[in-house]
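Peer 1: Before anything else, here's the structure in question.
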Amino acid sequence: MALPGTQGPRAVQVTREEVERFCDFLYRRTGMSFTEGKRYYIDRRLAERIAATGSTSFQSYFAILRSDAHDEIERVVNAFTVNETYFYREDHQLRCMTSNLLDEVIRGKRTGEPIRIWSIPCSTGEEPYSIAMWLMENWKQVDQYDIEIVGSDIDTRALDTATNGVYGDRSLMRLSRDLIDRYFAPAPPDGHRIDAGLRNSIRFTRANLIEVKDMAHYRDFDIVFCRNVLIYFDDSSRRIAAENLYDCLRPGGYICLGHSETMSRISPLFQVCRFSDAIVYQRPEVDHGQL
Amino acid sequence: MPFVKRDTAIPSAAALSADEFAAHIAALGSRDPEARWRGARALAGRAEAVAPLAVALGVEANSRVREAIITALMRIGNAASVVALVPYLRSQDAGQRAAAIEALQALPREISPFLTALLADGDSDVRILATELARNLPAAEATRLLCGLLSVEAHPNVCAAAIDVLAEVGTDDAIPVLEQCGRRFASTPFLPFAAAKAIALISGEG
């Protein structure tokens, strides 16, 4: 196979076995599982990385990747992640948070203890900012508690965008004019920059959901939003991610998945909680040793 | 604004040192289930941990920890981890059997060399579970293995399990074997019915 779009007069030739080798490496490092059905997606991004590194063969590119020269692993991860999202996406879960989950969370809080909410993967930041905006707009007790919101993603380029906080019209398509006027300022030529107070309130960090040691730094969250990422993982990576998320939650903490995802088919570690606005999953308060 | 931000530095993940590895292996034998859970989780993907993980799986009573051990073996995903998991197909504990099936189904390439023997096992329960392991194999290979079983299998429940899998993943090559199986078990009405249903599904008529 000749990969399209590569530098020089001749395209770099990559065999099927080499693509498999590349995918295996990517899987081992990130949990992202790409099968033959996504061949075009893989070929295109692999070609871009081979060209960008000036490699003249797959072998020379793979050597760069394995040695992580010039942060190539991070660059390839950035190239393979999907960052399509928007503000107030799947807002029924945000409604569930303010209608049900937070009532349960604050019941177990000591005075002065913060509420901790995690958005992983947070992509370019729309989700953690949405959580903050939703709380400001819809939770009457918002000023009575310290609320810590963390946004994490494996893609550092996406995190830079999140920190910068400038978005196009497409990201804001679900927001009312009133919300846009109150939380955003024009960012020429045609963007919208989120309010500095919100920008400075959310911590953005790099985290790999399937890396046990990486995730060990995140603990005691009350609510985790982990939406539309597990569908990209294979069975064992999903289980690793589920176990990592279990450890990141406080006992009794909640996890919100994407609308097409269900923890029941991934891991028995969590209890299903059915609320009027959403189905979420809860880390049991007590480990009885029996799932 | 009610939001607080803590700028705790988060160090990047590093590989396990030899001492850490030994500590996690030792933790598998701890009395504290939390320590065993952490040990198993830290060993996910470490090929040299297969043997101690397999030993731990055999004695682990806490189902949450057992889940973590199974995940660790799945993540290692080599022939040794398959060898460690296969014996649990014979377990008297339904939870252990289900966990082993789930883990082995996720390793179709690695379980494949073991399937011929498992489908010929002397225990019909193991043969039934082995048909489930064929479900995630490439269709042609699953068809070949299950047709080989169906053509000689005497136990109707094993045949029923194989037909169920073939109905989902079988190719046209399975049709004559299914027809023959239906005739062979004519006195067990369910099997000719199931075989006919599978043939219809494989032919696109179901």
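Bear in mind these aren't lab numbers, they're just calculated from the coordinates by the rules spelled out. Computed from a predicted structure; not experimentally measured. Using ideal geometry, Cβ is built from the backbone for each residue, glycine included, and neighbour counts are taken over all protein chains shown.
Peer 1: Whole angstrom only: what separates the Cα centroid of region A:150-164 from the Cα centroid of region A:82-144?
Peer 2: Centre-to-centre distance over Cα atoms comes out at 18 Å.
Peer 1: Taking the Cβ of A:Leu175 as the center, what net charge do the other residues with Cβ under 12 Å away carry, scoring Lys and Arg +1 and Asp and Glu -1?
Peer 2: Every neighbour counted, the sum reads -1.
Peer 1: Can you give me the long-range amide H partners of A:Arg227? Hydrogens built in the peptide plane at 1.01 Å from N, cutoff under 5 Å, separation of 5 or more residues or another chain.
Peer 2: Residues meeting the amide H criterion: A:Ile120.
Peer 1: Another question, if that's okay. Would you mind counting up the charge near A:Gly31? Only other residues with Cβ under 11 Å from its Cβ, with Lys and Arg at +1 and Asp and Glu at -1.
Peer 2: Net local charge, A:Gly31 excluded: +2.
Peer 1: What net charge is computed for the residues neighbouring A:Leu101, neighbours being all others with C-beta under 12 Å from the C-beta of A:Leu101, Lys and Arg scored +1, Asp and Glu -1?
Peer 2: With Lys, Arg at +1 and Asp, Glu at -1, the net is -2.
Peer 1: If you don't mind, another one. Treating the angle as unsigned and between 0 and 90°, give the value, to the nearest 10°, between the Cα long axis of helix A:126-138 and the longest Cα principal axis of chain A.
Peer 2: The helix A:126-138 is inclined about 10 degrees to chain A.
Peer 1: Above 41 angstrom, tally the Cα pairs of the protein assembly as shown and express them as a % of all pairs, no decimals.
Peer 2: In whole percent, the long-distance tail amounts to 30.
Peer 1: Express the relative contact order of region A:123-191 as a whole percentage, based on alpha carbon pairs under 8 Å and six or more residues apart in sequence.
Peer 2: 40
Peer 1: Percentage of Cα-Cα pair distances in region B:90-206 greater than 23 Å, rounded to whole percent?
Peer 2: Percentage above 23 Å: 25.
Peer 1: Right, another one. Which whole-Hz ³J(HN,Hα) couplings does region B:58-63 yield from phi under the Karplus relation 6.51 cos²θ - 1.76 cosθ + 1.60, θ = phi - 60°, glycine and proline marked x?
Peer 2: x, 10, 6, 9, 7, 5
Peer 1: Suppose the Debye formula is applied to equal point scatterers at every Cα of region B:18-106; what is log10 I(q)/I(0) at q = 0.23 Å⁻¹?
Peer 2: After summing over all Cα pairs, the log10 values are -1.09.
Peer 1: Let me ask you something else. Could you rank the peptides A:237-245, A:108-116 by their average count of other C-beta atoms within 10 Å per residue, with the highest value first?
Peer 2: Descending packing order for the listed peptides: A:237-245, A:108-116.
Peer 1: Here is a follow-up. Calculate how steeply helix A:58-67 sits against the longest principal axis of the alpha-carbon atoms of chain A, using the helix alpha-carbon long axis, and give the answer as 0 to 90 degrees to the nearest 10.
Peer 2: Result, in degrees: 40.
Peer 1: Amide H of B:Thr171 versus every other amide H placed in the peptide plane: which residues, excluding those fewer than 5 positions away on the same chain, fall under 5 Å?
Peer 2: Here the answer is B:Thr143, since their amide H atoms fall under 5 Å of that of B:Thr171.
Peer 1: Using a Debye calculation, one point per C-alpha and no hydration shell, please list log10 I(q)/I(0) for region A:142-255 at q = 0.14 Å⁻¹ in order.
Peer 2: Scattering profile of region A:142-255, log10 relative to I(0): -0.74.
Peer 1: Springs between alpha-carbon atoms under 10 Å, Gaussian network over chain B: tell me which of B:Ala18, B:Ala44, B:Ala27 tops the mean-square fluctuations.
Peer 2: Fluctuation is largest for B:Ala18.
Peer 1: Next up: Kirkwood Rh over Cα pairs of region A:1-155 into Stokes-Einstein at 37 °C, 0.692 mPa s: D in µm²/s?
Peer 2: 177
Peer 1: Of A:Asp169, A:Asp234, A:Asp220, which has the largest mean-square fluctuation in a 10 Å C-alpha GNM of chain A?
Peer 2: Largest GNM mean-square fluctuation: A:Asp169.
Peer 1: Measure of size requested: the Rg and Dmax of region A:18-64, with Cα atoms as the atom set and Å as the unit; please supply both.
Peer 2: Rg, Dmax (Cα atoms, Å): 10.5, 28.
Peer 1: Now a separate question. When we measure straight from the Cα of A:Lys109, which aspartates and glutamates land under 18 angstrom away, once same-chain ones fewer than 8 places off are left out?
Peer 2: A:Asp143, A:Asp146, A:Glu148, A:Asp220, A:Asp222, A:Glu285
Peer 1: Report, in degrees rounded to the nearest 10, the 0 to 90 angle that the Cα long axis of helix A:16-30 makes with the longest principal axis of chain A.
Peer 2: 30
Peer 1: On to the next question. Return the ratio Rg/(2.2 N^0.38 Å) for chain B, where Rg is computed over Cα atoms only.
Peer 2: 1.31
Peer 1: Further question: Measuring from centroid to centroid over Cα atoms, what is the spacing of region B:32-70 and region A:243-263 in Å?
Peer 2: If we compute the Cα centre of each part, the gap is 21 Å.
Peer 1: Another question, if that's okay. So what are region A:91-282's ellipsoid semi-axes, whole angstrom, largest first, if each one is the square root of 5 times an eigenvalue of the alpha-carbon gyration tensor?
Peer 2: Values for region A:91-282, descending: 26, 20, 16 Å.
Peer 1: Averaged over its residues, how many other protein chain Cβ atoms are within 10 Å of peptide A:234-243's Cβ atoms?
Peer 2: 6
Peer 1: Any idea what the relative contact order of chain A is, in percent, if you count C-alpha pairs under 8 Å spaced at least 6 apart?
Peer 2: 16
Peer 1: For the protein assembly as shown, what is the calculated [θ] at 222 nm in deg cm²/dmol (nearest 500), taking -39500 (n - 2.57) for each run of four or more DSSP H residues and dividing by its residue count?
Peer 2: So the helix-based figure for the protein assembly as shown works out to -14500 deg cm²/dmol.
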